[in-house]
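*Asks:* Sharing a structure here in structure tokens format.
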Amino acid sequence: MKQILSVVGSTFVRVFLFIMVSCTPKESNIKLSDMFTDNMVLQQKSNISIWGWATSGSKIKIETSWGANISSITGQDGKWLMKIKTPSTDGKAQSLTISSADTTIVLNNVLLGEVWLCSGQSNMEMPVSGWLPNDPLENSEVEINTANYPSIRMFTVKRNKSFTPLETCQGTWKVCNPENVPGFSATAYFFGLKLHKELNVPVGLIHSSWSGSPAQSWVEADFVENVVGYEDIKGKIAMTIDSSSTYNKWLTSMKRKAQDKFIQNKEFNLSDIGFEGIMNADYDDTAWDTVQTATMDKVFQRDNFNGMAWFRQEFTFGGNPNSDDYCIFLGRVDDLNTVFINGSLVGRKEHWGNNEDEQSYAIPSGVLKKGKNILAVRVIDVWEKGGLLQQPSIQNNEGKVIQPLSINWKYLPVAILLNEDFYILKNGFDDRVNPNPNVLPLNSHTPTVLYNAMIAPLIPYNLKGAIWYQGESNIGEPDQYRRLFPAVFNSWRSNWGIGDFPFYYAQLASFDYGSDKVAELREVQLETLQEENVGMAVTMDIGSLTTIHPPNKQDVGKRLALWALAKDYAQDFVYSGPLYKSAEFSNGKAIVSFDHVGSGLYCPDKKVSDFEIAGEDLVFYKAEAVIQGNHVIVQSTEVTQPKIVRFAWNDTAMPNLFNKEGLPASPFRSSKSINETP
């Protein structure tokens, strides 16, 4: 009997312990996406997504101050996503409580309103404070001091890049006030401000941009592979991230230093002790190879591979070495440089500024020697092609060439740049970077990498739409941009799963881009209006010929907002300037018709500028243009039988044709050849 009781007792204990263990709550360790914080704005009148991670099998409950509650059990991977309905906003602060058996997270000062994604390159990234001293924002001080709009919030995505889609990003929702607004994207802020004032609702702006980035960096892999030039990008990415490859094993064996150890530092930083004395006149460079026009693609034997290299040349000087009337002229250096003559530092530009400027540095008295001299230059190339791009010379202080120097340089690559780290080459030429074209650098110009790191983690945060300011980095390939640009927003729409949400963009402004293809890229932006649910703000009248970052971001933001107000919020606004519709040719004249004339065409000056016409020879001549009703009549005494008419067809044009609502006309050409129908 005792034995039976003993068995029964032990069985009871085991069952009791099993029940106790089973009933003990699991540690949940809830983690939310970084998008969900205090001060966030959630899309009103929507079925919003909230997501995060927790221990597998945890019960997660969400309770809201507006009365919507929901719960769910996490899957085996610990992920969870729940959808909650949001009502129309009343402008009041709300709260959310996300909890499990052992964890509670409360999010406060949450607003319901209109949420827009704002992306692109530097003209979207440029802050309300401007980039002083070269790129100020118009009226910046007043804009900052009056920015008391607590119902406008901005989430700025921290810069990041990845070969594969990420689940998280870094950023913080900030309330609009004079303390925070200097760091807000100016274009995004003025867009949101216009919406807020007209709609009287909270506005949330998710800002995700990167200066100098091309469109292909923002496209999801499946979509970018449909663009000529990027057909095999997924295969290249797979090869690049294969840890077992010879290339990646080579990388892991190398010493590396962070990019910011060299760039933006006050003091010059030698990359490695192994290169000590490399700038001195007695340094032995006999083993170095020689290159004409010292471009980095020749140094690294690969196009668009970025890094650090030294260039040296010997020259004989016959002038007065004790004069202080000499400069060393390098011309344009892409991107950064430090210059030594006979071991003495005479010039350094290892900070960001206008990299289009030609580099010239004063040579202190006594640095030059009568006879043999050594010029040593270290170049840091951060993206695309770089190097010493012009013939150097000794000049006087007035810019007169005293002695031209050689276009031949001896060179030594000392580091390659990958993912913001310099990988130090141990043996110079013996450690040459793998020239395999399938290996991709991880930088902001690599296809998909900004989408993966700065867009994918935002999905599926509910949006009303998106705005975009980009195109400068794709000027060289307008035909490719014709497919690439729609791939940006269509890849976003496909992955967001909320339909063809609105996408409004700024056309490139006037500036001396140094390219004859700018007009063609603007034409591509105009043609993109044929895509579903898109709109374009023309900025030709508010550009700047002295900076690629026009100071008037107020009107850019407002013009983008006009599209949204009219198309998405049923507000009675004229939202576009005149857009080319058609042209008729008769009696030596071109009669041009426009859409979006508003209450009529308008020119503030005596003459309408920037029209040209051409005959069958396709030679264009400046033309007289006159507004007649809703048409413009164009003619030239040089062209008796015009076949093509075009408007503002160059990079620096600042035309003066508007509608009476003050919105400018877009550049256009009636056809690309005389065989096309205008």
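The values are calculated or read from the model by the stated rules, or taken from the named source; none is laboratory data. Because the structure is a prediction, the values reported are computed rather than measured. With ideal geometry, Cβ positions are generated from the backbone for all residues, glycine too; neighbour counts draw on all protein chains shown.
*Asks:* Among 295, 286, which is within 29 Å of residue 546 (Cβ to Cβ) and either out of contact with any Cys (no Cβ under 7 Å at 6 or more places or on another chain) or touching a residue at least 60 places away in the same chain (Cβ under 8 Å) (or both)?
*Replies:* None of the others qualify; the one that does is 295.
*Asks:* Based on what the data block shows, is residue 588 surrounded by fewer than 17 Cβ atoms within 10 Å (Cβ to Cβ) and of a type outside the set (S, T, N, Q)?
*Replies:* Judged against the criteria, residue 588 is a match.
*Asks:* Name every residue in the range 323-355 that is touching a residue at least 24 places away in the same chain (Cβ under 8 Å), over 18 Å from residue 266 (Cβ atoms) and in a strand (DSSP E or B), in order of residue number.
*Replies:* Once the filter is applied, which keeps residues that are touching a residue at least 24 places away in the same chain (Cβ under 8 Å), over 18 Å from residue 266 (Cβ atoms) and in a strand (DSSP E or B), the range 323-355 yields 326, 327, 328, 329, 330, 331, 332, 333, 334, 341.
*Asks:* Within the range 213-236, track down each residue that is under 20 Å from residue 495 (Cα atoms) and of a type in the set (A, V, I, L, M, F, W, C).
*Replies:* 215, 218, 219, 221, 223, 224, 227, 233, listed by residue number.
*Asks:* Of all the strands (runs of 3 or more DSSP E) wholly in the range 43-150, which have at least 2 residues that are within 30 Å of residue 215 (Cβ to Cβ) and in contact (Cβ under 8 Å) with a residue 24 or more places away in the chain?
*Replies:* Output list reads 47-53, 104-120.
*Asks:* Only one of these is out of contact with any helix residue (DSSP H, G or I) (no Cβ under 7 Å at 6 or more places or on another chain), among the aliphatic types (A, V, I, L, M) and over 20 Å from residue 519 (Cβ atoms): 657, 601, 618. Name it.
*Replies:* One residue alone meets the criteria, 601.
*Asks:* Let me ask you something else. Failed condition for residue 621, given (1) in a strand (DSSP E or B); (2) buried (at least 22 other Cβ atoms within 10 Å of the Cβ), with all others met?
*Replies:* (2)
*Asks:* Take the residues in the range 231-268 that are of a type in the set (Ser, Thr, Tyr) and under 22 Å from residue 382 (Cβ atoms), then tell me which one is modelled with the lowest pLDDT.
*Replies:* If we take residues in the range 231-268 being of a type in the set (Ser, Thr, Tyr) and under 22 Å from residue 382 (Cβ atoms), then 247 is modelled with the lowest pLDDT.
This table checks each residue for (1) within 35 Å of the chain's Cα centre (by Cα); (2) surrounded by fewer than 22 Cβ atoms within 10 Å (Cβ to Cβ).
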site	(1), (2)
597	yes, no
627	no, yes
649	yes, yes
652	yes, yes
660	yes, yes
665	yes, no
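*Asks:* In the range 438-491, how many residues are over 16 Å from the mean Cα position of the chain (by Cα), over 13 Å from residue 528 (Cβ atoms) and in a helix (DSSP H, G or I)?
*Replies:* Number of matching residues: 5.
*Asks:* Filter the range 273-291 for residues that are outside any loop (DSSP other than H, G, I, E, B) and not hydroxyl-bearing (Ser, Thr, Tyr); which is nearest to residue 387 (Cα to Cα)?
*Replies:* Of everything passing the filter in the range 273-291, 291 is nearest to residue 387 (Cα to Cα).
Residue by residue, here is whether (1) part of a loop (DSSP other than H, G, I, E, B); (2) within 18 Å of the chain's Cα centre (by Cα) holds:
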position	(1), (2)
500	yes, no
504	no, yes
508	yes, yes
513	yes, yes
516	yes, no
523	no, no
528	no, no
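*Asks:* Being under 25 Å from residue 537 (Cβ atoms), acidic (Asp, Glu) and buried (at least 19 other Cβ atoms within 10 Å of the Cβ): is that true of residue 138 here?
*Replies:* no
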